[in-house]
Amino acid sequence: SRPVPGLRDAEVGQAFASTVARLRSLSLTPPVLTVCTKRTELPQTTIRELVKVGLIDIDYAAGRMPMGEGDVPVLTAEDLTEGRLPSERTTAEDGLVRIAPGDVVATPTGLARVVGADIGQDTVLGAGLARYRLDPDRLDPDFLAGFLRATAPRAPGGSSRIDARRTRLPWLSLERQREYGRAFRALTELADAVRATTELGETLVGLGFDGLVDGYLRPEG
């Protein structure tokens with residue numbers, strides 16, 4: 001079987017070259033973080049408290065919705081994990097939760113991302129997802145997404161649900177939140193690049209073996 005479904009023999013070499021180019025374009029640069037000699041103690045709050053004072057509004061997606069038809073884009077849990085644009089469609093109906101740039105979207109296990117400008121405001125949440133809408137003058141979305149993600153299970157295959165409202169985070173000025181937010185965003189981008197590198201690497205190896213065996217690639221020299 002081919003590493004790329006539907007790939008014709010004559011396309012293996014071109015696919016190999018384009019995969020090499022994509023792999024080389026990825027940046028695996030970690031953020032620069034200061035190493036502390038002792039734990040930094042900061043005043044703490046919880047998401048529950050921030051909801052109570054009106055800094056965060058949380059909405060949850062409908063449990064079920066018709067998928068595969070209609071013209072309303074749906075951001076699924078898999079889309080969120082992969083960091084990609086909405087892959088599903090549904091029909092317009094009552095109860096849909098729309099998302100907008102600056103919102104934080106999270107899975108029940110704590111994986112969270114900030115909605116970017118490339119996702120249209122007609123996009124809705126897929127099943128199982130939650131939307132955190134913030135007061136942008138007092139809370140930084142990358143800051144919140146980072147602390148939500150930090151609570152996610154790190155063990156392979158971990159699927160434990162978290163009680164997001166109990167998530168603890170520092171009570172900081174907006175400027176300091178943004179400093180943390182930039183670091184969290186850099187780590188998220190690094191995680192995406194690592195995942196993409198692994199996927200592209202596996203594809204490249206498969207294409208290389210197939211191309212060498214079938215004669216559409218040859219060794220240099």
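Just need a number here: residues in the range 66-81 that are open to solvent by 30 Å² or more (accessible area, probe 1.4 Å) and touching a residue at least 24 places away in the same chain (Cβ under 8 Å). Even if it seems obvious, please write down each step before you answer.
Here is the first cut: in the range 66-81, the residues open to solvent by 30 Å² or more (accessible area, probe 1.4 Å) are 66-71, 77-78, 81.
From what's left, touching a residue at least 24 places away in the same chain (Cβ under 8 Å): 66, 77, 81.
Residues meeting the conditions: 3.
Name the residue, out of ILE99, ILE58, that is in contact with a Phe, Trp or Tyr (Cβ under 7 Å, 6 or more places away or on another chain) and touching a residue at least 24 places away in the same chain (Cβ under 8 Å). If you could, list the steps in order and put the result at the bottom.
On the way: ILE99 fails: in contact with a Phe, Trp or Tyr (Cβ under 7 Å, 6 or more places away or on another chain).
Checking each option against the conditions leaves just ILE58.
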Among (1) open to solvent by 60 Å² or more (accessible area, probe 1.4 Å); (2) at pLDDT 95 or above, there is one condition GLU41 misses while meeting the rest; what is its number? (2)
Subset of the range 105-124 (residues that are in contact with a strand residue (DSSP E or B) (Cβ under 7 Å, 6 or more places away or on another chain) and either hydroxyl-bearing (Ser, Thr, Tyr) or more than 15 Å from GLU82 (Cα to Cα) (or both)): GLY120, GLN121, ASP122, THR123, VAL124
Would you pick out the residues in the range 88-100 that are within 30 Å of GLY146 (Cβ to Cβ) and open to solvent by 60 Å² or more (accessible area, probe 1.4 Å)? GLU88, ARG98
Scanning for something at pLDDT 95 or above, touching a Pro at 6+ places or on another chain (Cβ under 8 Å), of a type outside the set (Lys, Arg) and closer than 23 Å to ALA62 by Cβ, does the range 133-152 turn up at least one residue? yes
Single unsatisfied condition, PRO73 versus (1) at pLDDT below 85; (2) more than 25 Å from ILE162 (Cβ to Cβ): (1)
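Is it true that some residue in the range 147-158 is basic (Lys, Arg), assigned to a loop (DSSP other than H, G, I, E, B) and without any contact (Cβ under 8 Å) to a residue 60 or more places away in the chain?
The first filter runs over the range 147-158 and keeps only residues basic (Lys, Arg), leaving 149, 154.
Restricting the remaining residues to those that are assigned to a loop (DSSP other than H, G, I, E, B) gives 154.
Imposing the further condition that a residue be without any contact (Cβ under 8 Å) to a residue 60 or more places away in the chain reduces the set to 154.
Yes, some residue in the range 147-158 is basic (Lys, Arg), assigned to a loop (DSSP other than H, G, I, E, B) and without any contact (Cβ under 8 Å) to a residue 60 or more places away in the chain.
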Run down ASP118, ASP135 and say which single residue is open to solvent by 40 Å² or more (accessible area, probe 1.4 Å) and more than 21 Å from LEU190 (Cα to Cα). ASP135
Being closer than 16 Å to GLU202 by Cβ and small (Gly, Ala, Ser) is the filter; apply it to the range 11-50 and report the residue that is farthest from the chain's Cα centre (by Cα). ALA15
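When the residues of the range 159-180 are narrowed to those that are acidic (Asp, Glu) and part of a helix (DSSP H, G or I), which ends up surrounded by the fewest Cβ atoms within 10 Å (Cβ to Cβ)? Reasoning before the result, please.
The first filter runs over the range 159-180 and keeps only residues acidic (Asp, Glu), leaving 163, 175, 179.
From what is left, the residues that are part of a helix (DSSP H, G or I) are 175, 179.
On the way: GLU175: 8, GLU179: 13.
Selected residue: GLU175.
The values are calculated or read from the model by the stated rules, or taken from the named source; none is laboratory data. Keep in mind it's a predicted model, so treat the numbers as computed, not measured. Using ideal geometry, Cβ is built from the backbone for each residue, glycine included, and neighbour counts are taken over all protein chains shown. These area figures cover heavy atoms from the full protein model, side chains too; ligands, DNA and RNA do not enter into them. Shrake-Rupley method; radii C 1.70, N 1.55, O 1.52, S 1.80 Å.
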